[in-house]
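What follows is a single structure, written as structure tokens, with notes after it.
The values are calculated or read from the model by the stated rules, or taken from the named source; none is laboratory data. Predicted, not measured: the structure shown is a model, and the values here were computed from it. Neighbour counts run over all protein chains shown; Cβ positions are idealised from the backbone, glycine included. The accessibility values were calculated without ligands, DNA or RNA, using every heavy atom of the protein model including side chains. Shrake-Rupley method; radii C 1.70, N 1.55, O 1.52, S 1.80 Å.
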Amino acid sequence: VPDPLLGTDSHTTMVNGLGVLGWGVGGLEAQTVMFGMPVMLRIPDVIGVRLTGTMRPDVLSTDLALTVTQRLRAIGVSGEFVEFFGPGVATLTAGDRTFVANMAPEYGATTGFFPVDRHTLNYLRGTNRSEHAIGLVEAFTQRTGLWFDPHREPRYTRTIEIDLATIGVHIAGPRRPQDLLDYSQTCAALANLDFRPVRRH
């Protein structure tokens, strides 16, 4: 079982980018834990997002997160766990992953989980964790089968695929995060809102 974390903020899911299985809970649930009571959770469906390819240099993790949000909103993942797998995961830094995981509330899922691999260890090194602690993480995840294998094809309730090479520069909205637009459509989207910039002297 991955390290678990329950937080009182909806964006607790950011830790999913580091191989920690975490999500936000309500204040009442948090208080029951403080008094030693267990948190009850229905075993959720798990949606697999298979990532392939590599993102272009001009594409940001923001663009990936918006694409993931659009695709998952289209199939409905409310109350479900999402896990990312496939060879494309290996091309994403820990920063990229935490950005996508942080958006789980936007795409409606309980979690957006990424497994542990060398990028996770690089993050731990970059944040001054000891080599002993980093070695422990690596050894534990490898021995328990939690270390990322880009060629593994786990079984999921449902699966979608996203080719990272096809992702472009995007904006979302103007009202909903799943309304994905190409960056070139920014002016048209603002025109539909009767948006007029104000000049300040």
Worksheet, complete the sentence: The condition from (1) within 8 Å of the chain's Cα centre (by Cα); (2) closer than 16 Å to ILE162 by Cβ that ASN102 misses is numbered (2)
Fill in: Matching residues in region 69-86 - criterion: being under 12 Å from PRO105 (Cα atoms) and either open to solvent by less than 10 Å² (accessible area, probe 1.4 Å) or without any contact (Cβ under 8 Å) to a residue 24 or more places away in the chain (or both)
THR69, LEU72, VAL77, VAL82
Worksheet item: Which of (1) over 21 Å from LEU5 (Cα atoms); (2) of a type in the set (Val, Ile, Thr); (3) open to solvent by less than 40 Å² (accessible area, probe 1.4 Å) is the odd one out, the single condition THR111 does not satisfy?
Response: (1)
Worksheet item: Given the residues THR120, THR91, THR141, which is the only one that is among the polar types (S, T, N, Q), over 13 Å from the mean Cα position of the chain (by Cα) and open to solvent by 30 Å² or more (accessible area, probe 1.4 Å)?
Response: THR91
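Within region 18-61, restricting attention to residues that are free of Cβ contacts under 8 Å to residues at least 40 places away in the same chain and under 12 Å from the mean Cα position of the chain (by Cα), which residue is most open to solvent (accessible area, probe 1.4 Å)? Break it down into steps so the answer makes sense when it comes.
Step one: filter region 18-61 for residues free of Cβ contacts under 8 Å to residues at least 40 places away in the same chain, giving 20, 25-43, 57, 61.
If we keep only those that are under 12 Å from the mean Cα position of the chain (by Cα) too, we end up with 20, 61.
Numbers: VAL20: 37, SER61: 22 Å².
That would be VAL20.
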Worksheet item: For residues in region 155-180 being more than 13 Å from LEU64 (Cα to Cα) and modelled with pLDDT under 90, which is most open to solvent (accessible area, probe 1.4 Å)?
Response: ARG175
Practice prompt. Could you please find all residues in region 147-188 being assigned to a helix (DSSP H, G or I) and among the hydrophobic types (A, V, I, L, M, F, W, C)?
Written response: LEU164, ALA165, CYS187, ALA188
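Considering every residue within region 44-52, establish whether at least one is of a type in the set (Lys, Arg) and either under 13 Å from ASN16 (Cβ atoms) or out of contact with any strand residue (DSSP E or B) (no Cβ under 6 Å at 6 or more places or on another chain) (or both). It would help to see each step written out before you state the result.
Going residue by residue through region 44-52, those that are of a type in the set (Lys, Arg) are 50.
So of that shortlist, the ones also either under 13 Å from ASN16 (Cβ atoms) or out of contact with any strand residue (DSSP E or B) (no Cβ under 6 Å at 6 or more places or on another chain) (or both) come out as none.
Among the residues of region 44-52, not one is of a type in the set (Lys, Arg) and either under 13 Å from ASN16 (Cβ atoms) or out of contact with any strand residue (DSSP E or B) (no Cβ under 6 Å at 6 or more places or on another chain) (or both), which makes the answer no.
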Discussion item. Among (1) in contact (Cβ under 8 Å) with a residue 40 or more places away in the chain; (2) closer than 17 Å to LEU21 by Cα; (3) of a type in the set (S, T, N, Q), there is one condition GLN142 misses while meeting the rest; what is its number?
Written reply: (1)
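For THR186, indicate whether it is out of contact with any Asp or Glu (no Cβ under 7 Å at 6 or more places or on another chain), open to solvent by less than 50 Å² (accessible area, probe 1.4 Å) and farther than 20 Å from ASN16 by Cβ. Give the steps one after another, and end with the answer.
Numbers: out of contact with any Asp or Glu (no Cβ under 7 Å at 6 or more places or on another chain): yes; open to solvent by less than 50 Å² (accessible area, probe 1.4 Å): yes; farther than 20 Å from ASN16 by Cβ: yes.
Yes, satisfied.
Does region 1-17 hold any residues that are surrounded by 13 or more Cβ atoms within 10 Å (Cβ to Cβ) and of a type outside the set (Gly, Ala, Ser), and which are they?
We begin by selecting, within region 1-17, every residue surrounded by 13 or more Cβ atoms within 10 Å (Cβ to Cβ); these are 2-3, 5-7, 10-17.
Listed by number, the residues that qualify are PRO2, ASP3, LEU5, LEU6, HIS11, THR12, THR13, MET14, VAL15, ASN16.
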